[in-house]
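Here the structure comes first, spelled out in structure tokens, and everything after it is commentary.
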Amino acid sequence: MIDIKSIQHFVAVFKRNSFKGGAEELGVTQSAMTKSIARLEHELSLVLFNRTTRLVEPTDSARILFHRAEELLSAHQALLDEARLLASGEMGALKVGVIALAAETLVGPALARLAQSHPQLDVEVVVGSADVYKDLALGACDLAIGDEANFLQSSHAASLRMQAIGEEAVVLVHRPELLSSNRNNLSKLLQFPMAIPSRYYNENRLFHSISQHVEGGDARYRLNSLSACLNLAASSDVVTFLPRSFAEQAQRQGVIEVPAVDLDLTVRLVAVSRASHSQTPAVKAFHAALLTVRPNIQIS
């Protein structure tokens, strides 16, 4: 059996390119570090470092194993953390980064469900980050709720794990009095100023086909809130785009109208966590709440 301490020693030496530096980082003697690495090399039947009097250079085998070793250490720490929480009867805390669309259609109901199932869980929700996947990759949050299109374009996708939540149609909306006739004519509707949820404009190609139909190919207003887009459309000659479940609630109240035009536009919502980290009890509980809510969204 490989001692987890040997893996810690390997990672430390790899990062510092030095047995002395690795030993100082972990608070052990250089002799103990050297013996630990030699023992690990024997157990793996591999040479991990080429040693000279002046330099410690990782071998190709070490470079291949390094990320696996980091994942193992992360999983080991997650196991200890989870065991500690279970032993104390606590759930810990959770920080979730979400895009505006998910915050106003899915996260709110999920938090209400979570308050019933896990009232002891502390949750912080951060809405509208410039790059929610970068925040997650850098450890600024524990879980991200976003859309698949943006996730697949993210430079951080390789280090993250995606789980589909569901997809929902996006519909065009406007105030009921905007057009007395031809209200279902998409080309006429798109002649009015557009408001687009900002996190879905430059970063997401979902709206590219719509902008092509608009003279100038640009939206006039970008708002980081579905509610703000709704209020603007309800009180002006602006048309906007909302998830169907969100729009239909407002339509039932007579605030806006959803014309019978097919945009052929959907948003696929996903929950994203770090691939190198095991899911904590808090993350698992939140994800379960997301899948339970199902606010008119097709669950995958």
If we scan the stretch 203-216, do we find a residue that is at pLDDT 65 or above and closer than 28 Å to G166 by Cα?
no
Name the pairs: first residue in the stretch 245-257 and modelled with pLDDT of 85 or more, second residue open to solvent by less than 30 Å² (accessible area, probe 1.4 Å) and of a type in the set (G, A, S), Cβ to Cβ under 7 Å, at least 6 apart or on different chains?
I256/A233; I256/A247; I256/A250
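Okay, residues lined up against (1) open to solvent by 60 Å² or more (accessible area, probe 1.4 Å); (2) closer than 18 Å to N224 by Cα; (3) touching a residue at least 12 places away in the same chain (Cβ under 8 Å):
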residue: A102; (1), (2), (3): no, yes, yes
residue: L114; (1), (2), (3): no, no, yes
residue: H118; (1), (2), (3): no, no, yes
residue: D122; (1), (2), (3): yes, no, yes
residue: D147; (1), (2), (3): no, yes, yes
Look at S235 and say whether it is in contact with a helix residue (DSSP H, G or I) (Cβ under 6 Å, 6 or more places away or on another chain) and either over 18 Å from A103 (Cβ atoms) or surrounded by fewer than 17 Cβ atoms within 10 Å (Cβ to Cβ) (or both).
no
When you check Y200 against the structure, is it surrounded by 18 or more Cβ atoms within 10 Å (Cβ to Cβ), at pLDDT 85 or above and hydroxyl-bearing (S, T, Y), yes or no?
no
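The values are calculated or read from the model by the stated rules, or taken from the named source; none is laboratory data. Nothing here was measured: the structure is a model prediction, and the numbers come from that model. Positions of Cβ are generated from backbone atoms using ideal geometry, with glycine treated the same way; all protein chains shown enter the neighbour counts. SASA here: full protein model, heavy atoms, side chains in, ligands and nucleic acids out. Shrake-Rupley method; radii C 1.70, N 1.55, O 1.52, S 1.80 Å.
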